[in-house]
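First comes the structure, then the notes that go with it.
Please treat every number below as a calculation from the coordinates, not as lab data. Since the structure is predicted, the reported quantities are computational estimates derived from the model, not experimental observations. For neighbour counting, all protein chains shown are included, and Cβ atoms are generated from backbone atoms with ideal geometry for every residue, glycine included.
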Amino acid sequence: MTSKAKQLYLFYQEGFRSMLVGRTLWKIIILKLFIMFAVLKIFFFPNYLKENFTNDGDRARHVLESLTIMPPSH
Amino acid sequence: MEDQILNTVNWARAQFALTAMYHWIFVPLTLGLSFLIAFFESIYVKTGNEEWKKLTKFWMTIFGINFAIGVATGIIMEFQFGTNWSNYSWMVGDIFGAPLAIEGIFAFFLEATFFAVMFFGWHKVTKGFHLFSTWMVAIGSNLSAVWILVANGWMQYPAGMAFNPDKARFEMQNFTDVALSPVAVHKFTHTTSSAFLLASLFVVGVSALFLLQKRHQKMAKRSMVVAAVFGLIASIFCAFTGDEAAFNVAQRQPMKLAAMEGLYVGADNAPLIAAGIINSRKKAGDDQPAFHQAVKIPGLLSLLANRNANSFVPGIDDLVFGNAGRNIVGAEQRMITGKLAVAALGRYKEAKAKGDMTEATAALAVFDQHKGDLGYGYLYSAVQAVPPVATTFYSFHIMVVLGTLFPLIFLLVLYFTFKGTIESQRWLNIACFASIFLGYVAQQAGWVVAEVGRQPWAIQGLLPVNVATTNVAASNVQTTFFIFLTLFTVLLLAEIRIMVKQIKIGPEA
C-alpha cells in the first residue's frame with residue numbers, strides 16, 4: 001500500500017474508531033439500508049416494467065396501450 | 001374496474017405523499033443547518049476563539065444525526081416510481097433518469113470525501129481545509145437538491161420536451177428550457193430558502209431552550225444571533241421567491257391559484273383572502289357561496305397574479321366551463337380536444353402495427369394538432385380537473401401566515417439579544433422553541449399546496465395520476481403504505497430520541 005493510500009485508510013479508520021454518537025447512527029443507517037434494499041426493494045417493490053417485459057419495445061407498447069384507452073363517459 | 005383503479009391511485013398517492021412528507025422532515029434541516037455550521041466555523045477560523053469551535057462541533061453533531069437518520073429516505077420514492085407509477089416513470093425516464101443518477105453519484109462522492117473531513121478531520125487537516133470541506137458540504141448538499149426540484153418543476157410546467165409516440169416517452173429537446181424554466185428556478189430558490197428558514201428556526205429554538213434552562217447561555221446567544229440574521233435574510237428571500245412562484249402559478253397553473261384562493265368566479269380587481277372559512281359543500285358551477293366567512297383585500301390577488309391590481313383572475317368555474325368573453329378555454333372543451341388526441345394516438349399505434357404509413361401519418365398529424373390537451377382526454381368529467389380546494393386553500397394560508405410570523409420572531413430575537421435581555425424574555429424563548437414545530441408545519445403545508453394543488457395531474461395537462469399509475473392491486477399498495485408508516489415513524493422517533501439526548505448533553509460532550 002502506498003503511503004498516500006495508507007494515510008487515507010488510517011484517516012477513515014481512526015475517524016470511525018473515535019466516533020461516539022456516530023456508532024449508533026451507523027447501526028441505524030446499516031439497518032435502514034438493509035430493510036430498504038434487502039427487504040422492501042426485493043419483496044415489495046419490483047420494477048413493474050422490467051419484471052413483466054423483456055425489452056424496451058415491449059415496455060413502450062405496454063405504456064402506449066395504457067395511453068390509448070379512453071376513459072368511460074359519465 | 002374504474003373504482004379499483006381509483007382505489008389503487010389513491011393509495012399510491014397516499015403512499016407517495018407519506019414518503020415525501022417524512023423525507024421532507026429530514027431534508028430541509030440538512031440543507032439549512034449545513035450553511036449555519038459553515039458560518040459558525042468561518043467565525044471560529046476568523047477569530048480563533050475556541051468557544052466558536054465548540055459551538056460548531058455541537059451543531060455539527062446535530063447535523064450528523066439528522067443527516068444519518070434522513071439519508072436514503074428519498075430512495076423509497078424511486079422504488080415507488082418503478083412499482084406504483086410505472087407509466088409515469090417510463091414516460092419521463094429520458095428527461096430525468098440520467099441527471100438524477102449523476103446527481104446521486106456526485107452526492108455520494110461529495111459525502112464520502114468532504115463529510116469525512118468535516119467529521120473526522122478536526123486535528124488532521126489544516127483549519128483552512130477543514131473550513132473548505134464544511135463549505136463544500138453545505139454547497140454540495142444544496143446542489144444535490146437541484147435535479148429533483150427541477151424534475152418537480154417540470155411536472156408542474158413541462159417545458160423543453162417533445163412526446164415520442166413510438167417510444168411513448170417525453171424526450172428532452174432543450175436542456176436549458178428544462179433546467180432553467182421559471183417554475184424550476186423558483187421551485188429551487190423557494191424550497192432552499194424555506195429550508196434555510198427552518199434550520200434557523202431550529203437553531204434559534206434549541207438555543208432558546210438552553211436559555212430557558214439557564215444552560216450554555218453564551219453559546220446559545222451566539223448561535224441565536226447568527227441563526228436569526230440568516231433566518232431573517234432567508235425569510236425575506238423566501239417571501240420574494242414565494243411571490244415569484246405564485247406569479248408563475250397564476251400564469252401556468254391558474255386552476256391551482258384559484259384553489260389556493262378559493263376563487264370560483266373569476267373577477268377583475270380580484271381580492272386576496274386574508275383569512276376565511278371554506279364552504280366545503282361548494283362545487284364548481286353551483287350557486288353556493290365559496291366561503292362561510294372571509295376577510296378580503298381587494299385587488300391584491302390580481303396584483304399577485306398579473307402584477308396589475310385591476311386585472312382579471314380566472315376562477316374555478318371559468319377554468320372548468322370556459323369563459324368566451326375572457327377567451328378562456330375550459331376543461332370541458334379541452335376534454336373534447338384531448339379525446340381527439342387520445343383517439344389519434346390509438347389510430348397511429350394501430351396503423352403502425354399494420355404497416356399502414358399513410359394512416360399513421362394522418363393520425364399523427366391529428367395528434368400533433370391536439371396533443372397540448374392530451375391529459376384532458378383521460379378525464380371522465382370536467383370537474384375532475386379541480387383539485388381539492390379546501391386542502392389547498394388552508395395549506396396555502398397556513399404557510400403564508402407562518403411565513404409572515406417567522407421574520408418577526410427573528411427580529412425580536414435580534415432586538416432583545418442586542419439589548420442584552422434575551423435570556424429574561426421567557427415568553428419569546430417559549431415562542432422560539434414552539435417555532436421549531438411551526439417551521440415544520442409551514443414546510444409541509446408548502447408541499448401540500450404544490451402537490452395537492454396540481455391534482456389531478458402527474459404532468460400538468462398531459463398526464464393525469466390515474467393514467468400515470470401501474471395496474472397493481474390496491475391491497476399491495478396498502479400493505480407497503482403501512483410498512484412505510486411504521487418504518488418512518490420509528491426513524492423519526494429514533495432521530496428525536498438521539499437528538500434530545502445530544503441536546504441534553506449540550507456542547508460539553
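Numbers for the structure displayed
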read-out	value
Separation in nanometres of the label points that stand 7 Å from Cα toward Cβ, at B:PHE482 and A:ALA5	5.2
Cβ charges +1 (Lys, Arg) and -1 (Asp, Glu), total dipole of segment A:3-67, debye	500
Using alpha-carbon coordinates, inclination of helix B:127-143 to the longest axis of chain B, degrees	20
Other protein chain Cβ atoms within 10 Å, averaged over every residue that makes up A:20-30	5
Integer Hz, Karplus 6.51/-1.76/1.60 couplings in order for segment B:207-220, x for Gly and Pro	5, 4, 5, 4, 5, 5, 8, 6, 10, 6, 5, 5, 5, 4
Shielding by partners - mean other protein chain Cβ count within 10 Å, residues of A:55-67	6
Rounded to the nearest 20 debye, dipole of the protein assembly as shown from Cβ charges on Lys, Arg, Asp, Glu	2240
Efficiency of FRET between A:ILE35 and B:GLN288 - r from beta-carbon atoms, R0 56 angstrom, step 0.05	0.70
Ordering of B:214-220, B:116-122 by burial proxy (mean other Cβ atoms within 10 Å per residue, highest first)	B:116-122, B:214-220
At R0 = 45 Å, FRET efficiency that the Cβ-Cβ distance of B:MET357 and A:GLU51 yields, to 0.05	0.85
Added length on full extension, which subtracts the Cα-Cα distance from 0.36 nm per residue, B:ASN269 to B:ASN174	30.5 nm
Cβ-based net charge around B:LEU379, under 11 Å, with every Lys or Arg adding one and every Asp or Glu removing one	0
Interchain or long-range residues, amide H under 5 Å from B:ALA274's placed H	B:VAL295, B:LYS296, B:ILE297
